[in-house]
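Novice: Sharing a structure below in structure tokens format, with a few things to ask.
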Amino acid sequence: MKHSRWARFLQTLRELYFGFSSASRRFRLTMLTFDVVTISYFVVTTVTGTADWFPYVDVAIGVVLTLDLAARTLAMRRSLLQLRSVMFYVDLLVIIALFGSLVAQDLALARVLRLLRVLRSYRLVVDLRRDSQWFRRHEELVEAALNLTVFLFITTSLVFVIERPVNDQINTFVDALYYTIATLTTTGFGDITVSDTWGRVLTIVIMVFGVGLFLRLVQTIFRPNKVAYECPTCGLAKHDLDAVHCKHCGEVVNIPTEGAV
């Protein structure tokens, strides 16, 4: 009897996390909304500073994330594969940081560690690609914006953690965010600088990779790699900008263009 109840419980979890029923979709939409809200909360509260009630909200979120991580692991048919997932350890570290905010002496560091939750955005992309038609139409733009946003907040967190102990000019997360954006956009006002080795290495990474991600986003907005044009024969919805034939069926496609540049 206990075995059958456990089996039914596992089947219910698998249906909720990986099924295609309306109940499964509603459950995943609820969890997706929760992820968006918590990621927004982590970003906003890290920037704005601390308050007396933040640790209690952190613990409440930590409880939900712990239950979600445990349930998702159980729902997998081969649960041990979860131990090979980078996101498993990212979620675990975020949970530790959330509960640790009650006792951590360095509360700011604990709050920065929670920003690793933005990496969860890539799992949201998988869910949105499966469940949202709007996302599938704008996937390139959303992914370009997501890559830049995740890079921005992760590198800002690194700047804050590395530079705050050694740089008097970086005392808050906003200082680190300001420096990161000024570096990424190559503005370089010079009012905040770094002089230590690791700070300079991180600055190089921000300039090299950040500028590339920023240009990729601009390119996606103003000149996407694919153009939306439905093939009259097979229905393929996106084609290369200079396509003459559909890559799927070979049909001639008359895509309107701006002409030679």
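The values are calculated or read from the model by the stated rules, or taken from the named source; none is laboratory data. None of these values were measured; they are calculated from a predicted model. All Cβ positions, glycine included, derive from the backbone under ideal geometry; neighbour counts span all protein chains shown. Side chains included, ligands, DNA and RNA excluded: accessible areas come from the protein's heavy atoms. Shrake-Rupley method; radii C 1.70, N 1.55, O 1.52, S 1.80 Å.
Each row is one residue, and each column tells you yes or no for (1) touching a strand residue (DSSP E or B) at 6+ places or on another chain (Cβ under 6 Å); (2) aromatic (Phe, Trp, Tyr); (3) modelled with pLDDT of 75 or more.
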{"residue": "213", "(1), (2), (3)": "no, no, yes"}
{"residue": "223", "(1), (2), (3)": "no, no, no"}
{"residue": "229", "(1), (2), (3)": "yes, yes, no"}
{"residue": "234", "(1), (2), (3)": "no, no, yes"}
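Novice: Can you tell me which residue is most open to solvent (accessible area, probe 1.4 Å) among those in the stretch 161-218 that are in a helix (DSSP H, G or I) and among the charged types (D, E, K, R)?
Specialist: We begin by selecting, within the stretch 161-218, every residue in a helix (DSSP H, G or I); these are 161-163, 173-184, 197-218.
Next cut, among the charged types (D, E, K, R) only: 163, 175, 200, 216.
Working: 163: 4, 175: 41, 200: 135, 216: 80 Å².
Selected residue: 200.
Novice: Cβ-Cβ under 8 Å, sequence separation 6+ or interchain: first residue in the stretch 163-182 and without any contact (Cβ under 8 Å) to a residue 40 or more places away in the chain and under 15 Å from residue 206 (Cβ atoms), partner among the basic types (Lys, Arg) and not in a helix (DSSP H, G or I). Which pairs?
Specialist: 170/164; 176/164
Novice: Tell me whether the stretch 54-74 contains one or more residues that are under 29 Å from residue 151 (Cβ atoms), open to solvent by 40 Å² or more (accessible area, probe 1.4 Å) and either touching a strand residue (DSSP E or B) at 6+ places or on another chain (Cβ under 7 Å) or at pLDDT below 75 (or both).
Specialist: no
Novice: Where the second residue is at pLDDT 85 or above and not in a loop (DSSP other than H, G, I, E, B) and the first is of a type in the set (Gly, Ala, Ser) and lies in the stretch 1-22, which pairs have Cβ atoms under 8 Å and are six or more apart or on separate chains?
Specialist: 21/15
Novice: Among the residues that make up the stretch 7-19, is at least one of them aromatic (Phe, Trp, Tyr), surrounded by 15 or more Cβ atoms within 10 Å (Cβ to Cβ) and within 22 Å of the chain's Cα centre (by Cα)?
Specialist: Pass one, the stretch 7-19, residues aromatic (Phe, Trp, Tyr): 9, 17-18.
Next, only the ones that are surrounded by 15 or more Cβ atoms within 10 Å (Cβ to Cβ) stay: 17.
Filter again for within 22 Å of the chain's Cα centre (by Cα), leaving 17.
For the stretch 7-19, residues aromatic (Phe, Trp, Tyr), surrounded by 15 or more Cβ atoms within 10 Å (Cβ to Cβ) and within 22 Å of the chain's Cα centre (by Cα): present.
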